[in-house]
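The values are calculated or read from the model by the stated rules, or taken from the named source; none is laboratory data. Just so it is clear, the model here is predicted, and its values are computed rather than measured. Heads up, the Cβs are rebuilt from the backbone with ideal geometry, glycines too, and the neighbour counts pull from every protein chain shown.
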Ligand SMILES: [Zn+2]
């Protein structure tokens with residue numbers, strides 16, 4: 001949380017005990033964002049009390065003022081800890097790869113989930129990220145250039161996806177493999193895509209990270 005003077009003359013950042021160093025670094029960046037952005041004022045009282053859910057919001061065009069501020073603070077923290085130029089300069093491969101996200105998370109000292117979102121945004125290829133838990137979609141990060149994903153938060157993973165039928169252990173990653181675009185995109189989105197590829201990283205406690213790579217139909 002961020003405690004501060006009403007005029008922002010001073011402030012104190014408080015981080016929860018027991019959270020990992022990487023999460024704390026992101027939380028501190030997030031609260032710094034609230035403090036430094038002049039329009040950010042707590043909705044109630046004199047403090048920003050930010051939850052784990054707040055720290056995942058990423059739609060800065062959100063109509064709700066509170067959620068919009070949270071998303072902006074997250075963007076601030078992400079750009080501070082993982083500047084897109086530095087991510088691009090650190091890439092070893094032009095091909096999108098979850099193994100590279102794991103490596104970069106270590107290099108930048110941030111969580112894999114935070115790096116995955118920033119990687120998707122910084123990469124020159126058209127990418128989206130899905131976070132799943134126990135076979136259901138928990139979060140999706142889809143930049144504007146990625147076609148509409150035809151599955152909602154809370155839904156079961158698409159049956160034909162590579163993810164739905166994997167037999168990997170935590171820490172293991174599939175190759176980036178071509179899949180039927182309609183598996184994820186539905187017919188409208190699928191028509192805009194020449195090739196859709198899917199890659200899966202299995203994590204502990206039933207969590208999984210899915211990277212989708214769309215190669216748009218050449219319109220020339
Ligand atoms: Zn916040």
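Values for this structure:
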| quantity | calculated |
| --- | --- |
| Filtered residue count, segment 6-28, keeping only those that are under 22 Å from residue 46 (Cβ atoms) and assigned to a loop (DSSP other than H, G, I, E, B) | 8 |
| All positions within segment 89-116 that are more than 19 Å from residue 20 (Cα to Cα), touching a residue at least 40 places away in the same chain (Cβ under 8 Å) and in a loop (DSSP other than H, G, I, E, B) | 95, 96, 97 |
| Positions within segment 40-85 being in a loop (DSSP other than H, G, I, E, B), touching a residue at least 12 places away in the same chain (Cβ under 8 Å) and more than 10 Å from the ligand (Cβ to nearest atom), in sequence order | 43, 46, 58, 59, 60, 82 |
| Residue among 44, 56, 24 that alone is modelled with pLDDT of 90 or more and either surrounded by fewer than 18 Cβ atoms within 10 Å (Cβ to Cβ) or in contact with a strand residue (DSSP E or B) (Cβ under 9 Å, 6 or more places away or on another chain) (or both) | 24 |
